[in-house]
Amino acid sequence: MASPPKTLLFLSTLLLCLVSLSALLPLQTYIVQLHPQSETAASYYTSKLDWHLSFLEGTVSVEEEADHSSRLLYSYRSAIEGFAALLSDSEVESLRRMRDVIAVRPDRRLELHTTYSYKFLKLDAPRIGAWSRTEFGRGSIIGVLDTGVWPESPSFSDHGMPAPPRKWRGVCQEGQNFNASSCNRKLIGARFFIKGHHVANSPLSPEINPEYVSARDSSGHGTHTSSTAGGSPVPMANLLGNGEGIAQGMAPGAHIAIYKVCWFNGCYSSDILAAMDVAIRDGVDVLSLSLGGFPIPFYDDTVAIGSFHAAEKGISVICAAGNNGPTRNSVANEAPWVTTVGASTLDRRFPAYVRMGTGRYLYGESLFPGNHFPGAARELEVVYITGGDMGSEYCLEGSLPREKVAGKMVVCDRGVNGRAEKGEVVKRAGGAAMVLTNTEINLEEDSVDAHVLPATLIGFSEAAQLKSYINSTKRPTAKIHFVGTVIGRSRAPAVARFSSRGPSLNNPSILKPDVIAPGVNIIAAWPQNLGPSGLLGDSRRVNFTVMSGTSMACPHVSGIAALIHSAYPNWSPAAVKSAMMTTADVTDHFGKPIMDGNIPADHFAIGSGHINPAKAVDPGLIYDVRPTDYITHLCSLGYTRSEIFTISRRNISCKEILQKSRGFGLNYPSITPVFKGRETVKVISRSVTNVGRPNSIYSVEVRAPEGVRVVVKPKRLVFRRINQTLGYKVYVISKKGAKPISFSQGELIWVHSHRNLYKVRSPITVSWASKNS
C-alpha cells in the first residue's frame, strides 16, 4: 500500500491535536438530527441509543473515548431522530461530515418562562387552554395557610384586578411591618395565628429568628406558594438570570387571602384550626395547605377535621401529600374530602456539569449564575473530607478544616443539614466551590438551589464516579460548566422521588394521592428580606427563587381548582376534585408512561395521574359526593360514634346508617377494592353526572388489573340532559389459582361516542390484605 502524502499526514496529525485540545475548549450543547430511515441503525445497532452513542464514539477525543456517553444529554426518537450532546467546534465539524447526519444545530434558544409550570400545563394555549375558558379564575378566592406573604412582591400587584366579590368578609389584619394598606384587590385579606406557637415556644428572638408578628412572611415559603396559586403576571422575571420570562400563578385572575399559621418552629394545630375556622367564614372558595406530617387517624387530624367543615360549606381543600417518599404508606392528608397532591417534575433543566481532570463530564444542575461569572468555571483542586465524627462528609457547621478546603472545590454529601446551608459552610471555611452529591436515598433526584458560591448537584451514580476519581488520583481537579436554562429536552412529567406514596394508611379503600402536579424546581415569588438561598447570611436580593416539594405541587392544584370554581361556581368540592382526577394524564409529554425513577409509576405514586387543566375545566362527567356520604363512609371504616362526632359534629348511629345504606360505596372517582380474608367478589357502586353535553352516550372500556376479572353493568350510559345522573356497578372478581400478589392496577374509562370529546378515566387499584386468612 502506498504511503499517504505528507500533506495528509500533517493534516491528520493536526486533526488529532485539535481533537485532543478540544477537551480543553468550552463545550456547547448541539442538537444532532439524524436520518430517520438509516440502514446503518437497523443493520448494526440493537437500539437507537447505541446508534446515537456511536456518533459520539467516533467524534469525541481519544482521552474521553471510553466515556463518550457522559457527553450525551438526550436521545430523541419521536419529535426527531437524533440526540443532543456537549460538543466542541471541531467535533461539530466532524459530525457534519458523517454519514446519516442531516444537521447539527447549536442549542442557543432559551425559553423565556419563569413560573414555567403554567406553560408546561398548557394553561395559556389559545382557545383550548384553561385560562381562555375560565377568565383566568376571575372572581374566585384562594385562601393560603402558610408562613405569610411579602405583599410588596410584584406577583401581588392588583393591576387590572376587580374588587373582591360581595361575599368576601375577610380583613387585612395589621401587625408588625404590616398595615391595612398592605392589601389590595389581588391580596384581599391577611391574618396571622400565633397563639399556639407562643404557648409551645419561648418568645421570638429577633437575633435568632427574625420573624414578623404579623401576616408578613419572613421565611419565603408562603410567598412562594401563594404566588404559584394565584400570582399576577410579572414580565421579565428571572432568578439570577435563569428561567427568564413571565412569572404568573395558575389562576392569575383569582383573589388571594393569606392566613399565616406557620412560624420559625413549625405550624401548630390550634393555629391551623383557627385559621380554617375563620377562612370558612371569610368566604374563600379554595383552601391551599402546603403543610402536614405523617398520616394519623382523621379524628386526630386537625386538617382533616377543619377541611370536613370547609367541604360542607362548598370550599375545596387542597393539601400536600408530604415529602416522605418513596416510602410506601407515607402519604399524609388522606381524608377523602381533601384533594391530596403529590409532586412531579418539569421538562426544564439547569445543567451545570462537573468536568473532572480526566476530561470526563458528570451531569449536574444548579441555579448559581455561573454562566454570568467567568471565574465560576475555573479549574480547582477537588477534595472530599471524610473520617472522624464531625460530619465533614456532610459539610456540617465547623466540620471543615480551613487548611484542607481553602481555595478548593469541596464535595458534600446530601443529608442532615440543608443543601444551600452546606454551601454556606464551605464558603465560610474558605472553599471556592462545592459539588453536592446525592446519596443512595436521593439517587438521581435533582432539586436545585441558588447557592452562595459556585456549586452544582450531581446524582448518586455520578457521585460514585467523582469519588472514585478523587480516591484514585494524587491531586484531583475539576471545574463546573454552567449551561443556563434548557427547556423541552427531557421526559416529563415524572414522579418526584421525595413525593409521599400510598396506599393510604388509615383509609386503604381510597386511593391517595389523588393527583400529582409540578413540584420540583419551581420558581415563584420571594420576599426581599431573604437572599434566594433562604440563608440569613445571603445578602443577595431577588423577587423570585426556586423551591421543591409537594408544598409547591399543592398550590398548582389549588389554582386550577380556583379556575374550575370560577367556571362552575355551583359545583361541590367533590365535583371539582372529580374533574381534576378523571381528566388527569398517565403519560408524559412524549406519550410514554409517567416514570418513577427508572420504572413506570404505579397508582400509589401518581393517584389518578398528572393534572391536566384544559381537560379538567370540561370533564364531561363528574362523580359527586354529599357531606352525609362521608359520614356513611366513616361508619363503613368502623369509626365510632364519638370519633365521627369529633370530625363532623354530628351525633349519628352508624348501625342505623349502615342498615339504610346496604352495599354503600363512597362515590369516589377512583376504584380501590381491598380483598380481605377469603373474599373473592367485590361489588362497587358508582354514579356519574353529565356536565358535558345533552344527548350523550358513553361506553365503558376496562383494562382489568392482574389477578381479577372486571365486569361493568351497564356497559353504556345514555344521558338525555345536562345534570342527569346515572349509576353503574363494577364487579371485581378475584381469579382462582392466580399467583399471590399484594396489589395490581388497571383502569375503567367512560368514552363519549365522539371519541375525542370526553374520556372519563378511573384508576382501579386492587389489593389483597391476606390471601390465606
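Within straight cross-link reach of LYS715, meaning Cα distance under 17 Å, which aspartates and glutamates are found once same-chain residues fewer than 8 apart are removed?
GLU701, GLU747
Simple spin-label model, 7 Å along Cα-to-Cβ: ASP89 to ILE128 in nm?
Once both label points are built, they end up 4.3 nm from each other.
Of VAL383, VAL416, which has the most accessible area and how do the rest follow, probe 1.4 Å? Please list the in-between numbers first.
On the way: VAL383 20, VAL416 120 Å².
Descending accessible area places them as VAL416, VAL383.
Helix-derived [θ] at 222 nm for the chain: sum -39500 (n - 2.57) over DSSP H runs of at least 4, divide by residue count, nearest 500?
Numbers: 20 runs with 178 residues, N = 773.
Using -39500 (n - 2.57) per qualifying helix, the result is -6500 deg cm²/dmol.
What does the net charge come to around ALA584 if you take all other residues with beta carbon closer than 12 Å to its beta carbon, with K and R at +1 and D and E at -1? Write out the running numbers ahead of the final one.
Details: positive: LYS577, LYS615, LYS759, ARG761; negative: ASP514, ASP585, GLU747.
Every neighbour counted, the sum reads +1.
At 1.4 Å probe size, with no ligands or nucleic acids counted, give the accessible surface of PHE743 in Å², nearest ten.
So the heavy atoms of PHE743 present about 60 Å² to solvent.
Viscosity 0.890 mPa s, temperature 25 °C: what is the translational diffusion coefficient of the stretch 433-587 from Stokes-Einstein with a Kirkwood Rh over Cα pairs, rounded to a whole number of µm²/s?
Values: Rh = 19.1 Å.
Using the Kirkwood radius from Cα pairs, D works out to 129 µm²/s.
For THR302, tell me the accessible area in Å² from a 1.4 Å probe, rounded to the nearest 10.
We get 30 Å² for THR302.
Tell me, what ³J(HN,Hα) does each residue in the stretch 134-147 have, in order and in whole Hz, if you take phi through Karplus 6.51 cos²θ - 1.76 cosθ + 1.60 with θ = phi - 60° and put x for Gly and Pro?
Listing the rounded values in order: 10, 6, 6, x, 4, x, 8, 10, 9, x, 10, 9, 6, 8 Hz.
Can you give me the long-range amide H partners of LEU621? Hydrogens built in the peptide plane at 1.01 Å from N, cutoff under 5 Å, separation of 5 or more residues or another chain.
VAL691
Could you tell me what fraction of 2.2 N^0.38 Å the Cα radius of gyration of the chain comes to, as a two-decimal ratio? Write down the numbers at each step before the final one.
Working: Rg = 27.9 Å, N = 773, 2.2 N^0.38 = 27.5 Å.
Output field value: 1.01.
In this model, which of LYS122/LYS713; LYS119/LYS186; LYS313/LYS660; LYS713/LYS736 are farther than 27 Å apart at the alpha-carbon? Intermediate values should be presented prior to the final figure.
Values: LYS122/LYS713 36 Å; LYS119/LYS186 22 Å; LYS313/LYS660 25 Å; LYS713/LYS736 22 Å.
Checking Cα-Cα distances, LYS122/LYS713 exceed 27 Å.
Arrange the residues LYS313, LYS119 by how much accessible surface each exposes, largest first, with a 1.4 angstrom probe.
On the way: LYS313 150, LYS119 70 Å².
In descending accessible area the options line up as LYS313, LYS119.
List the residues, sorted by chain then number, that are 5 or more residues from GLY143 or on another chain and whose placed amide H is less than 5 Å from its amide H.
ALA257, ASP285, VAL286, LEU287, SER288
In whole Hz, what ³J(HN,Hα) sequence does the stretch 249-265 give by Karplus (6.51, -1.76, 1.60; θ = phi - 60°), x for Gly and Pro?
For the stretch 249-265, the Karplus curve yields x, 5, 10, x, x, 7, 8, 10, 10, 9, 10, 7, 10, 10, 10, 4, 10 Hz.
Which order do you get for LYS404, LYS676, LYS474 if you rank them by accessible area with a 1.4 Å probe, largest at the top?
Values: LYS404 105, LYS676 130, LYS474 205 Å².
Solvent-accessible surface, decreasing: LYS474, LYS676, LYS404.
Could you tell me the accessible area of LEU273 in Å² (1.4 Å probe, neighbours in place), rounded to the nearest ten?
Here the accessible area works out near 70 Å².
Normalising by the residue count of the stretch 351-484, find the relative contact order in percent from Cα pairs under 8 Å and 6+ residues apart. Can you show the working numbers first?
Details: 308 pairs, mean separation 48.5, N = 134.
Once normalised by length, the contact order is 36 percent.
Express in nm, to one decimal, how much length is gained between PHE264 and GLU39 on full extension, taking 0.36 nm for each residue of separation and deducting their alpha carbon distance. Each step should come with its number before you reach the end.
On the way: separation 225, 0.36 × 225 = 81.00 nm, distance 6.33 nm.
Gain in length upon complete extension: 74.7 nm.
Any idea how far the Cα center of the stretch 341-367 sits from the one of the stretch 585-618, in Å?
First find each Cα centre; the distance between them is then 23 Å.
Which of the peptides 243-249, 83-89, 699-705 is most tightly packed, and how do the rest follow, going by the mean number of other Cβ atoms within 10 Å of each residue?
Working: 243-249: 25.1, 83-89: 22.7, 699-705: 16.7.
Final packing ranking: 243-249, 83-89, 699-705.
Would you mind checking the pairs LYS682/LYS759; LYS592/LYS729; LYS655/LYS676 and listing those with alpha carbons more than 23 angstrom apart? Numbers along the way, then the final one.
Working: LYS682/LYS759 25 Å; LYS592/LYS729 31 Å; LYS655/LYS676 21 Å.
Beyond 23 Å: LYS682/LYS759; LYS592/LYS729.
Anything in the chain that counts as a DSSP H helix reaching 18 Å or more along its axis (C-alpha) with Kyte-Doolittle mean of at least 0.0? List them, would you? Numbers along the way, then the final one.
Details: long enough: 6-22 (24 Å, 1.89); 269-282 (19 Å, 0.55); 550-567 (26 Å, 0.95).
Within the chain the helices that satisfy the rule are 6-22, 269-282, 550-567.
Could you give the length gained by full extension between ASP50 and ILE697, i.e. 0.36 nm per residue of separation minus their alpha carbon distance, to one decimal place?
On the way: separation 647, 0.36 × 647 = 232.92 nm, distance 4.78 nm.
Here the answer is 228.1 nm.
Counting only residues 5 or more places away or on other chains, whose amide H sits under 5 Å from the amide H of ARG216 once H atoms are built in the peptide plane?
The answer is VAL149.
The values are calculated or read from the model by the stated rules, or taken from the named source; none is laboratory data. On a predicted model such as this, the values are computed, not experimentally measured, just so you know. Note that we place each Cβ from the backbone using ideal geometry, even for glycine, and neighbour counts take in every protein chain shown. Calculation scope for accessible area: heavy atoms of the full protein, side chains included, ligands and nucleic acids excluded. Shrake-Rupley method; radii C 1.70, N 1.55, O 1.52, S 1.80 Å.
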